[in-house]
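A.B. asks: Have a look at this one.
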Amino acid sequence: MLRRAWAWGAAGLLLAAALAGGAAWAHGDRKHQDAPQEQVAPTPAKVAQGQRLFRRYCAACHARGGGAAKQGPDLGGLYQRRLTPVRKHPVTDHNIRQHIKKGGVRMPPFPWLSRGELDALVAFLKSR
Ligand code: HEC
């Protein structure tokens, strides 16, 4: 009888610990938008997809390291910078995704791009 009560108590403690851990994780996730699980790994497939999207949607206004000056800033080496060239926001995957989705003053927004496409663009911008 006593042993059984102890076992239930232990199970309850484990459950409580698991719940607390889960809540802490969810909270951290919301607070730090660039938590590791939010960051894009620039795998070759993602970079290639991003390059195709960049050519289609972005290259008219953005160079990538040299070439003629265009309407938007040159995005070559973006991830070597701490702040974005025009708005001076920290260069994080989250901020870059948001900028692409919402656009800028003269840059059009791209609200229809899927999360996968935004991540591919981020991967491409990260790649050099
Ligand atoms: C019609 C031209 C145009 C197109 C198309 C365009 N941009 Fe821009 N982009 C701009 C201009 C102009 C700026 C300067 C900031 C502003 O407009 O507020 C800019 C700024 C940026 C910045 C820097 C923001 C900062 O805070 O300094 C990034 C990153 C960027 N664009 C990414 C992209 C990506 C990725 C695409 C394609 C999905 C894209 N742009 C398409 C014109 C364009």
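A.B. asks: Suppose we keep only residues that are outside any helix (DSSP H, G or I) and more than 6 Å from the ligand (Cβ to nearest atom) within the range 78-101. Which one would you say is farthest from Lys46 (Cα to Cα)?
C.D. replies: Residues of the range 78-101 outside any helix (DSSP H, G or I): 81-92.
From the residues that got through so far, the ones that are more than 6 Å from the ligand (Cβ to nearest atom) too are 81-83, 88, 90-92.
Numbers: Arg81: 21, Arg82: 23, Leu83: 23, Lys88: 26, Pro90: 22, Val91: 19, Thr92: 17 Å.
It comes out as Lys88.
A.B. asks: While we're looking at this one, here's another question. Could you say whether any residue in the range 80-92 is in contact with a Ser or Thr (Cβ under 7 Å, 6 or more places away or on another chain) and not hydroxyl-bearing (Ser, Thr, Tyr)? First the steps, then the outcome.
C.D. replies: Residues of the range 80-92 in contact with a Ser or Thr (Cβ under 7 Å, 6 or more places away or on another chain): 91.
The next check asks that each one be not hydroxyl-bearing (Ser, Thr, Tyr); those that pass are 91.
Checked the range 80-92: at least one residue is in contact with a Ser or Thr (Cβ under 7 Å, 6 or more places away or on another chain) and not hydroxyl-bearing (Ser, Thr, Tyr).
A.B. asks: Could we say that Leu75 is part of a loop (DSSP other than H, G, I, E, B), in contact (Cβ under 8 Å) with a residue 24 or more places away in the chain, in contact with a Pro (Cβ under 9 Å, 6 or more places away or on another chain) and not small (Gly, Ala, Ser) here? Reasoning before the result, please.
C.D. replies: Details: part of a loop (DSSP other than H, G, I, E, B): yes; in contact (Cβ under 8 Å) with a residue 24 or more places away in the chain: yes; in contact with a Pro (Cβ under 9 Å, 6 or more places away or on another chain): yes; not small (Gly, Ala, Ser): yes.
The answer is yes for Leu75.
A.B. asks: Residue by residue through the range 38-85, note down the ones that are more than 19 Å from the chain's Cα centre (by Cα), charged (D, E, K, R) and either farther than 15 Å from Val122 by Cβ or not assigned by TED's automatic domain parsing to the domain that holds Ala120 (or both).
C.D. replies: Hits for the range 38-85 are Arg55, Arg56, Lys70, Asp74.
A.B. asks: Would it be correct to say that Ala63 is surrounded by 13 or more Cβ atoms within 10 Å (Cβ to Cβ) and not in a loop (DSSP other than H, G, I, E, B)? Can you show your working first?
C.D. replies: Numbers: surrounded by 13 or more Cβ atoms within 10 Å (Cβ to Cβ): yes; not in a loop (DSSP other than H, G, I, E, B): no.
No.
A.B. asks: Sticking with this structure for a sec: Being within 12 Å of the chain's Cα centre (by Cα) and within 9 Å of the ligand (Cβ to nearest atom) is the filter; apply it to the range 102-123 and report the residue that is farthest from Val40 (Cα to Cα). If you could, list the steps in order and put the result at the bottom.
C.D. replies: Applying the first criterion (within 12 Å of the chain's Cα centre (by Cα)) to the range 102-123 yields 115-123.
Narrowing the set further to residues that are within 9 Å of the ligand (Cβ to nearest atom) leaves 117-118, 121-122.
On the way: Glu117: 11, Leu118: 10, Leu121: 10, Val122: 7 Å.
Checking each candidate, the answer is Glu117.
A.B. asks: Further, regarding this structure: Kindly provide the set of residues from the range 13-60 that are part of a helix (DSSP H, G or I), at pLDDT below 50 and not aliphatic (A, V, I, L, M), ordered by number. Break it down into steps so the answer makes sense when it comes.
C.D. replies: Of the residues in the range 13-60, the ones part of a helix (DSSP H, G or I) are 13-31, 36-38, 44-57.
Restricting the remaining residues to those that are at pLDDT below 50 gives 13-31.
Within the range 13-60, Gly21, Gly22, Trp25, His27, Gly28, Asp29, Arg30, Lys31 qualify.
The values are calculated or read from the model by the stated rules, or taken from the named source; none is laboratory data. Everything numeric in this text was worked out from a predicted model, so none of it was measured. Counting neighbours? That spans all protein chains shown, and the Cβs are built from the backbone with ideal geometry, glycine included.
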